[in-house]
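Engineer: Here it is: the structure, laid out below.
The values are calculated or read from the model by the stated rules, or taken from the named source; none is laboratory data. Since we're looking at a predicted model, the values are computed, not measured. In this analysis, Cβ positions are derived from the backbone assuming ideal geometry, glycine residues included, and neighbour counts consider all displayed protein chains.
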Amino acid sequence: LGAAGAGFVLAGCGSAADSGPLSDQLFADAAMLDSLLQQEYTLLAAYDHAIGRLSGSDRALAVAIRAQERNHADALAAQIRSRKVTPSSPAATYSLPALSGAAGALALLDRIEQQTIALYVDSLAKIGSVEVRVFAAQMMANEAQHASLLAAARRLPPLPTALVTGAP
Amino acid sequence: VNRLTRKQLLGAAAAGAAVGPGLLRPLVAQAQTGDPNITAMENTIRAKQLIVVAYERLAATASPGIRGLLATIVDQERQHVAALLVPTEYIGGLPPTPPALQSIEKYVPQLRRRLTGPAALKLAEQLEQFTIRGLLGAQRQLTDAKLIEVTGEVLGCDAQHLAVVRRQLGENPIPRAFETGQTR
């Protein structure tokens, strides 16, 4: 990555927005942030897919969480742009299972939230910038809260483990 | 403790922590070693030990309606101490001595009396915010990947505690998309 920079296209995502060189660490952080952004896009698609199957307080919860996922995606994209890299766009389609009802919708959302937590936890030690690491930790903490509230909506224990690792 | 180092140590955790359990900070920031990983972990463990003692007191005097929740939280807080101690000792850190309840009551006088359910939950909310700010501060200091990961996993659990306590209080459990442990 020594020559990372000019015209460089991040694997699976956007491209350097100008011809200036990117330091290895800035480039690595931008790539990590972009992988988190893509996961947030997956979450947004899942919520869009599931909300129609929900009603009452479960629907209100899903709508509130979706708004926070949107905030995460916007903030991640801004962080990537600040590193002079173009963030990824959402995929044209996402492969999501057919949902038979509210229980299936909540289970899907919980599963993807767990995957998201695992990705955030894994990313923390790989992020070089301390400020970006704290930023990611704050979002990870919020994702953990989402998982807890979804568990409660599913009548499962909201505090299932002392160490929140996300799904394997 | 060197003044500047202590200031750096508490960095992000300090803002907005002027009341309630935020006053516990003098009991936390005692460690200073040449290794920022050891310093951060010993102070994080010390903060967790304070939280355990405070929760044990809260759980012992809580009304039946919230006793189960507080028992779950205190059990998980004890697990946090154990999970943080193992890698800390591995890198040469020393297990801090758990604090006495009396030393905590000096800073959190609410613990001296039996609290009503809502008052106990409000104090629990402040304790969780205090520990979240500390864990985010540790994320700034740590350089060891394993330590960053385990403190992140603990942070996730404490964020869940905070959401559950807020909900029990009738508050919005997720008021912000970025959980900072700040009160507003």
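Engineer: Give the residue, chosen from A:LEU99, A:LEU37, that is modelled with pLDDT of 95 or more and either in a helix (DSSP H, G or I) or more than 22 Å from A:GLU143 (Cα to Cα) (or both).
Structural biologist: A:LEU37
Engineer: Then there is this: For the condition within 26 Å of A:LEU149 (Cβ to Cβ), surrounded by 14 or more Cβ atoms within 10 Å (Cβ to Cβ) and within 11 Å of chain B (Cβ to nearest Cβ), what is the one hit in A:GLN68, A:GLN79?
Structural biologist: The unique qualifying residue is A:GLN68.
Engineer: Among the numbered conditions (1) outside any helix (DSSP H, G or I); (2) surrounded by 21 or more Cβ atoms within 10 Å (Cβ to Cβ); (3) over 16 Å from the mean Cα position of the chain (by Cα), tell me where A:ILE127 comes up short.
Structural biologist: Here A:ILE127 meets the rest and fails (3).
Engineer: Please list, ordered by first then second residue, the pairs with beta carbon atoms under 8 Å, 6 or more apart or interchain, first in region A:99-127 and under 28 Å from A:SER57 (Cα atoms), second among the aromatic types (Phe, Trp, Tyr).
Structural biologist: Note: pairs meeting the criteria are A:LEU109/A:TYR47.
Engineer: Does region B:136-163 hold any residues that are of a type in the set (A, V, I, L, M, F, W, C) and within 14 Å of A:ASN142 (Cβ to Cβ), and which are they?
Structural biologist: Of everything in region B:136-163, those that are of a type in the set (A, V, I, L, M, F, W, C) and within 14 Å of A:ASN142 (Cβ to Cβ) turn out to be B:LEU136, B:LEU155, B:CYS157, B:ALA159, B:LEU162, B:ALA163.
Engineer: If you check B:ARG112 against the conditions, is it over 24 Å from A:LEU76 (Cβ atoms), basic (Lys, Arg) and without any contact (Cβ under 8 Å) to a residue 24 or more places away in the chain?
Structural biologist: Yes.
Engineer: Filter region B:51-72 for residues that are of a type in the set (Gly, Ala, Ser), part of a helix (DSSP H, G or I) and surrounded by 17 or more Cβ atoms within 10 Å (Cβ to Cβ) and give the result.
Structural biologist: B:ALA54, B:ALA59
Engineer: So which residues in region B:168-184 are more than 16 Å from the chain's Cα centre (by Cα) and closer than 11 Å to A:GLN145 by Cα?
Structural biologist: Of everything in region B:168-184, those that are more than 16 Å from the chain's Cα centre (by Cα) and closer than 11 Å to A:GLN145 by Cα turn out to be B:PRO173, B:ILE174, B:PRO175, B:ARG176, B:ALA177, B:PHE178.
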